[in-house]
Each structure stands twice: as structure tokens, then as C-alpha cells.
């Protein structure tokens, strides 16, 4: 019994440095969105809202880049994932994003002159490093 408790202790201690992997999916998504927002702010974009929801539609980030309204989808994945985050935007997800953007634009009091859709892929490495890849102007 003592051996098992010692083994459990060592495994927890070893795993402590890999906090990113211990988070559940919702926590990973929240951390990825926060990192993506901070990353895009360094390029001069301003956050309008995060996790905008109406019914079944959800937009991760809505930002402003000068006069352009930017809708951002964030994909948080392990760096060694077999499929990159960009490839996980299925036809159904694209349709849902399109409908969400249209719904958002209908509810905005002052219509923007232009808007675009971006995607930020957040990759987390086993050693705790995080990397962002920004894809601007994606066609839905």
C-alpha cells in the first residue's frame, strides 16, 4: 500500500509540470481564447466581446481592426496532433460560423463597412510552450 501511495505521489509530481494536459476541454478552450486575444492585441486588434452566444450560435472572439470587424475562431490543440486545427473546420462548423456572424451583424446597432473571418490556432507542446498561428481573411 505504501508503494502505491508513493507511486501516486511521484506521478502527480511529474505531472505537475504538464498542467496544460490536466485541463479539461472547456478550460483548454478558455485558455486558448485568452492567449489568442492577447496575441491579436499585439497586432493592434481590439477585443469587442468574447464567447458571444445567441441560441445555438457561438463566436469565440469578435474584434476590431481599425474599421474592420473581425470574427475569430480559436482552435486549441496539442502540437503533435495528427490533424492541424485549420483542417478541423468542417463544412458544418463553417455553416454554423456563417450563421453566427450573420446573426451578430443583424444585432449590431451600427453596421460595419467591412468584416472578415480569421482563425487562430493555439498549439501546446509537452514542455508547456504555447505557439499561435494566425490565419487572416479565411473564406467561409
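Since every read-out is calculated from the coordinates, none of them should be taken as a lab result. No experiment lies behind these values; they were computed from the predicted model shown. Virtual Cβ from ideal backbone geometry, glycine too; neighbours counted across all protein chains shown.
Quick look at the numbers
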item: Protection proxy ranking of 88-101, 62-75, 30-43 - average other beta-carbon atoms within 10 Å, highest first; result: 62-75, 30-43, 88-101
item: Contour minus Cα-Cα distance for residue 43 and residue 131 (0.36 nm per residue); result: 30.1 nm
item: Calculated FRET value between residue 103 and residue 82, using beta carbons and R₀ = 35 Å, to 0.05; result: 0.60
item: Shape of segment 24-135, Cα gyration tensor, a/c cut at 1.5; result: prolate
item: Beta bridges by DSSP in segment 28-140, antiparallel share as percent, to the nearest 5; result: 60 percent
item: Computed label-point distance, nm, for sites residue 93 and residue 111 using a 7 Å Cα→Cβ extension; result: 3.0 nm
